[in-house]
Amino acid sequence: MADDLSSKENAGHLWMEGRTLVHLRGDQERPTHMPRGPAKRTGPGFLNPAMAPARTRSVLLLADALEHDWLVKPGHDLRALDALCATGVRVRRWRNEIPAAHQSRLRITANDLDKSALEWLKSTHTRSPPVVAVNHALEDDRYERLPSGTMHDGIFIMQNDARIALMEAAYQWVDLDPFGSPVNFLDAAVQGLSRVAFLEVTATDTAALTGSSPSSQQRRYGAKGIVDSYAHDDAVRVLLGLIATTAARHDRCVEPVLALFDGHHVRVSVKVRRSRDGASDVLASMGWRVRDENGTYRFVRHPDSNQIERASGPMWIGPLWDRTIAARLTKDRAVDLCFPDEERLEHHRTMGLEWSDDDSEYAKRELRRSVRYIADAADLMSRDHTLYHMDDLPNMAGTGQAPKMEALFEEIQTAGYSAARMPDVDPFLVTDAPHEDVMQCIRKLCQD
Ligand SMILES: C[S@@+](CC[C@H](N)C(=O)[O-])C[C@H]1O[C@@H](n2cnc3c(N)ncnc32)[C@H](O)[C@@H]1O
């Protein structure tokens, strides 16, 4: 390790997430490239490597908003806040990995209540500053009272309760990544958004969201669940439903851009617009999932007394993604944007990063995995579709075995419909084919 990293004060080691150098505490093990599930330890200074794919998608979406001008007008600044930033890996990745051409338009604020996490952010960021130096001034006319923060190499850092930070100024991009449920922060987040904005929310309380913890689900989300093959999709839709109804209470409407169940957490990303009419229409996208006798389901606005036993909700029943934006989240884009060039990698190595060619291969694989299946499923996930868990198909079709997924996609497409794999930890088919046609395709393949 280089001298300046080997002093006692700087004890610890270096890791690279995306193309950003991350300083880990000495007692955190070197992360593996494909971590699954929550980190074994959490607390100030600990990086949760299992969240790296979500942070990668955040970089991709923010870069996309700036490149395609879907949030602010061309040339205008975009104010982004990570309200619960911990050691600031996400904000540092925004500053390091969004293309240089857009950096001067990006005003980044990082907030957390934990002083030592923020100290960790400051020291890491100062030690490994971004290649493109951006030092925007604090726009003091936008604050009700001046926040007590400081600027560090293009990141304004403040230590506040997130609910205060969110309400103090209008941000166009807000990230909410709490431990557990985001419900306590949602009102403040929505109220603090600018007229047109983007909100990304993480929830790790999957037991509540899926309904495997029914009392928590009822208390936090006002919903009732059924723990079956659709529990993951229910979790995503229950969280979206709460965000949509919270937004509506503040005269705002939402348009989902991306919504995923990613193993141990749910992550949803929505555009939020101030619009009384749009807010009034939100109920049209709220409803229940009723299980049908054939093993699938349909969405209804209100289940009747015969359906309620087989129904989960209330939840968002509208489209889950934005077709155009999601289609641009490709594997090539993830690697182009988030993997360093040789010069940068060499620079990181001179800073003390121990990184082999194998590490590079694994890291690229992990970047591709962050967006796997998204572009291919973008169209179907943005309109009406039906999901099928691959393990349910043999029973449904009475075939005793499931066909290969790729073969089934092809068969459904040959029959004139769309089919893709939905990104989830489990294998899900997403299609617009009528149920009987799907069954016929399966039977045909299982006969061949
Ligand atoms: C899951 S971590 C955030 C991880 C971070 N976004 C990332 O990508 O690395 C949650 C953080 O919320 C902070 N926190 C909890 N309650 C808070 C509050 N009321 N206001 C501000 N920060 C809070 C904790 O200190 C912790 O750092």
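Residues of the stretch 166-174 include none that is among the small types (G, A, S), surrounded by fewer than 24 Cβ atoms within 10 Å (Cβ to Cβ) and outside any loop (DSSP other than H, G, I, E, B).
In the set (1) in contact with a helix residue (DSSP H, G or I) (Cβ under 6 Å, 6 or more places away or on another chain); (2) modelled with pLDDT of 95 or more, the condition left unmet by Q401 is number (2). Taking the criterion of being closer than 30 Å to H265 by Cβ and of a type in the set (D, E), the residues of the stretch 415-448 that qualify are D424, D426, D432.
Please specify each residue of the stretch 108-127 satisfying the condition of being assigned to a strand (DSSP E or B) and among the polar types (S, T, N, Q). Walk me through how you get there before you give the answer.
As a first pass, look at the stretch 108-127 and keep what is assigned to a strand (DSSP E or B): 108-111.
Residues satisfying the conditions are T109, N111.
For every residue, the table says whether it meets (1) assigned to a helix (DSSP H, G or I); (2) touching a Lys or Arg at 6+ places or on another chain (Cβ under 8 Å); (3) open to solvent by 50 Å² or more (accessible area, probe 1.4 Å).
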{"residue": "D358", "(1), (2), (3)": "yes, no, yes"}
{"residue": "E361", "(1), (2), (3)": "yes, no, yes"}
{"residue": "R372", "(1), (2), (3)": "no, yes, yes"}
{"residue": "A375", "(1), (2), (3)": "yes, yes, no"}
{"residue": "D384", "(1), (2), (3)": "no, no, yes"}
{"residue": "M396", "(1), (2), (3)": "yes, no, no"}
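Being assigned to a helix (DSSP H, G or I), open to solvent by less than 10 Å² (accessible area, probe 1.4 Å) and touching a strand residue (DSSP E or B) at 6+ places or on another chain (Cβ under 9 Å) narrows it down to one residue among V190, V257, V268, V272; which is it?
On the way: V257 fails: assigned to a helix (DSSP H, G or I); V268 fails: assigned to a helix (DSSP H, G or I); V272 fails: assigned to a helix (DSSP H, G or I).
Every option except V190 fails the conditions.
The number of residues in the stretch 206-223 that are touching a residue at least 60 places away in the same chain (Cβ under 8 Å), crowded, with 18+ Cβ neighbours inside 10 Å and away from the ligand (no atom under 16 Å from the Cβ) comes to 2. Selection within the stretch 50-77: residues that are over 14 Å from the mean Cα position of the chain (by Cα) and assigned to a helix (DSSP H, G or I). The member of this set that is farthest from the ligand (Cβ to nearest atom) is H68.
Scanning the stretch 320-338 for residues that are open to solvent by 40 Å² or more (accessible area, probe 1.4 Å), under 22 Å from D233 (Cβ atoms) and touching a residue at least 60 places away in the same chain (Cβ under 8 Å) gives a single hit, R323.
Whenever a residue of the stretch 272-286 is in the same structural domain as T245 (by TED's automatic domain parsing), its partners that are open to solvent by less than 30 Å² (accessible area, probe 1.4 Å) and in a helix (DSSP H, G or I), lying with C-beta atoms within less than 6 angstrom and at least six residues away or across chains, give the pairs V272/A247; A279/A248; V282/A244; V282/A248; M286/G241.
Residue pairs whose Cβ atoms lie under 7 Å apart, separated by 6 or more positions or on different chains, with the first residue in the stretch 227-254 and at negative phi and open to solvent by 10 Å² or more (accessible area, probe 1.4 Å) and the second modelled with pLDDT under 95 and among the hydroxyl-bearing types (S, T, Y), do not occur.
Could you say whether any residue in the stretch 302-312 is basic (K, R), under 16 Å from A223 (Cα atoms) and surrounded by 20 or more Cβ atoms within 10 Å (Cβ to Cβ)? For the stretch 302-312, residues basic (K, R), under 16 Å from A223 (Cα atoms) and surrounded by 20 or more Cβ atoms within 10 Å (Cβ to Cβ): absent. Taking L84 as the residue in question, decide whether it is closer than 17 Å to E200 by Cα, within 13 Å of the ligand (Cβ to nearest atom) and open to solvent by 30 Å² or more (accessible area, probe 1.4 Å). Answer is yes for this residue. Here Y373, Y362 are screened, and the one residue that is more than 30 Å from T296 (Cα to Cα) and outside the structural domain of R92 (by TED's automatic domain parsing) is Y362. State whether one or more residues within the stretch 339-349 are touching a Leu at 6+ places or on another chain (Cβ under 8 Å), touching a residue at least 24 places away in the same chain (Cβ under 8 Å) and within 15 Å of R55 (Cα to Cα). Yes, the stretch 339-349 has at least one match. Going by the conditions given, is A203 within 16 Å of the ligand (Cβ to nearest atom) and either open to solvent by less than 10 Å² (accessible area, probe 1.4 Å) or within 19 Å of the chain's Cα centre (by Cα) (or both)? Considered against the rule, which asks whether it is within 16 Å of the ligand (Cβ to nearest atom) and either open to solvent by less than 10 Å² (accessible area, probe 1.4 Å) or within 19 Å of the chain's Cα centre (by Cα) (or both), A203 comes out as yes. Screening the stretch 398-416 for residues that are closer than 21 Å to Y230 by Cα and among the aliphatic types (A, V, I, L, M) and picking the one that is least open to solvent (accessible area, probe 1.4 Å) gives L408. Taken over the stretch 90-107, residues that are more than 13 Å from the ligand (Cβ to nearest atom), buried (at least 17 other Cβ atoms within 10 Å of the Cβ) and not in a loop (DSSP other than H, G, I, E, B) amount to 6.
A count restricted to the stretch 300-316 and to residues that are without any contact (Cβ under 8 Å) to a residue 12 or more places away in the chain and of a type in the set (V, I, T) stands at 1.
The values are calculated or read from the model by the stated rules, or taken from the named source; none is laboratory data. Quick caveat, the model's predicted, so the values are computed rather than measured. All Cβ positions, even for glycine, are placed from backbone atoms using ideal geometry, and neighbour counts span all protein chains on display. Note: areas computed on protein heavy atoms with side chains; ligands, DNA, RNA excluded. Shrake-Rupley method; radii C 1.70, N 1.55, O 1.52, S 1.80 Å.
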